[in-house]
Amino acid sequence: MSSKPHSTNFRPEIPKRPLEIPTRGSANRPSTPVSNNEGKKLTVGRDIRLSGEIGSCDILVVEGHVEAQINDCQRIEICDGGTFVGTVTVDEAEISGKFQGELNAHRVSILGTAEIQGSINYGSMQVASGAQIKGTLDYVESIDDPALRQAPSAAITIPRKSDDS
């Protein structure tokens, strides 16, 4: 064997990256936007209190205590242990915690741990056994969307009012 090193023409291709020069306020930020499949989501965590007006969010998750007026949001989720006081207008609401106020929604799901006091204007609604509701429920035909209705389940489904009754 020869003691001469092997000579090859192999040169690895190393992709070139653009030079990133930090600017004021850019520390610890990703250089490319992070994709978020959930859209604009606001979560109010346990032991957090928030009050005011909330708008332009796709999903509001309430695990703490929120006193607010909600506009221009797609969905609200009030978790078991969470409390919401105020007025809400959304496409979809899921309540397993405490709600006090006025809710206007296309579709409402009330889980067994929910405690509701106030008025609910709905297009379709499901109420699970064990939920407590004090107030008024009003079916509003203009916000009913048959495409949003789900197949019957073990929950109580409140039918819309018929003209015959």
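Miscellaneous remarks
- Pair list, Cβ under 6 Å, 6 or more apart: segment 42-53 residue open to solvent by less than 60 Å² (accessible area, probe 1.4 Å), other residue not in a strand (DSSP E or B): Val44/Gly64; Gly45/Glu63; Gly45/Gly64
- Scanning segment 110-132 for residues that are open to solvent by less than 50 Å² (accessible area, probe 1.4 Å) and within 24 Å of Ile48 (Cα to Cα) yields a total of 5.
- Yes/no for Arg49 being at pLDDT 90 or above and of a type in the set (Lys, Arg): yes
Listed here are the residues, each with its yes/no results for (1) modelled with pLDDT under 60; (2) not in a strand (DSSP E or B).
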site	(1), (2)
His6	no, yes
Pro15	no, yes
Arg24	yes, yes
Asn36	yes, yes
Thr43	no, no
Val61	no, no
Ile70	no, no
Glu92	no, no
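- Among the residues making up segment 78-108, none is open to solvent by less than 10 Å² (accessible area, probe 1.4 Å) and on the phi > 0 side of the Ramachandran plot.
The values are calculated or read from the model by the stated rules, or taken from the named source; none is laboratory data. The structure displayed is predicted, hence computed values, not measured ones. Ideal geometry is used to build each Cβ from the backbone, glycine not excepted, and the neighbour counts take in all protein chains shown. When the accessible area is computed, the model is the full protein with side chains, heavy atoms only, and any ligands, DNA or RNA have been set aside. Shrake-Rupley method; radii C 1.70, N 1.55, O 1.52, S 1.80 Å.
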